[in-house]
Amino acid sequence: MKGNRPYQGYREYLAHPVFKAARAVAMRRSDWKCPCGKKASEVHHRDGKYPPWGMFDVPCNLLPICHACHCLEHGKND
């Protein structure tokens, strides 16, 4: 960890135990289901924003979602 930041980039953010714990809570709450009914494999930030640099998100802002629906949310092709 450099300075006061617990992670240095997006990959480190996703791998950090604090993010993983928040993600796990969100996934368990949804029973690992995407709103479309498929198995959720990712989480989407409900408010459309990531937390400020150096901070972590909270489970209530993480929406469990499948990859296809996550791509649709971001206007991307799979």
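The values are calculated or read from the model by the stated rules, or taken from the named source; none is laboratory data. As the structure is a prediction and not an experimental result, all values here were calculated from the model. Because the Cβ atoms are built from the backbone with ideal geometry, glycine has one as well, and the counts that use them run over all protein chains shown.
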With surrounded by 11 or more Cβ atoms within 10 Å (Cβ to Cβ) and modelled with pLDDT under 90 as the only criterion, which of 6, 52 stands out? 6
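Would you check which residues across region 24-47 are touching a helix residue (DSSP H, G or I) at 6+ places or on another chain (Cβ under 8 Å) and not small (Gly, Ala, Ser) and list them? Break it down into steps so the answer makes sense when it comes.
Of the residues in region 24-47, the ones touching a helix residue (DSSP H, G or I) at 6+ places or on another chain (Cβ under 8 Å) are 25-26, 29, 34-36, 38, 40-47.
Answer for region 24-47, where residues must be touching a helix residue (DSSP H, G or I) at 6+ places or on another chain (Cβ under 8 Å) and not small (Gly, Ala, Ser): 25, 29, 34, 35, 36, 38, 42, 43, 44, 45, 46, 47.
Which of the residues belonging to region 53-78 are more than 14 Å from the chain's Cα centre (by Cα) and within 18 Å of residue 18 (Cβ to Cβ)? Walk me through how you get there before you give the answer.
As a first pass, look at region 53-78 and keep what is more than 14 Å from the chain's Cα centre (by Cα): 53-54, 68, 72, 75-78.
Residues satisfying the conditions are 53, 54.
Restricting region 9-19 to residues that are surrounded by 12 or more Cβ atoms within 10 Å (Cβ to Cβ) and of a type outside the set (A, V, I, L, M), which is modelled with the lowest pLDDT? Don't jump to the end; show me each part of the working.
Initially, region 9-19 is screened for residues surrounded by 12 or more Cβ atoms within 10 Å (Cβ to Cβ), giving 12-14, 16, 18-19.
Keeping just the survivors that are of a type outside the set (A, V, I, L, M) gives 12-13, 16, 19.
Details: 12: 89, 13: 86, 16: 90, 19: 91.
Filtering region 9-19 for residues that are surrounded by 12 or more Cβ atoms within 10 Å (Cβ to Cβ) and of a type outside the set (A, V, I, L, M), the one modelled with the lowest pLDDT comes out as 13.
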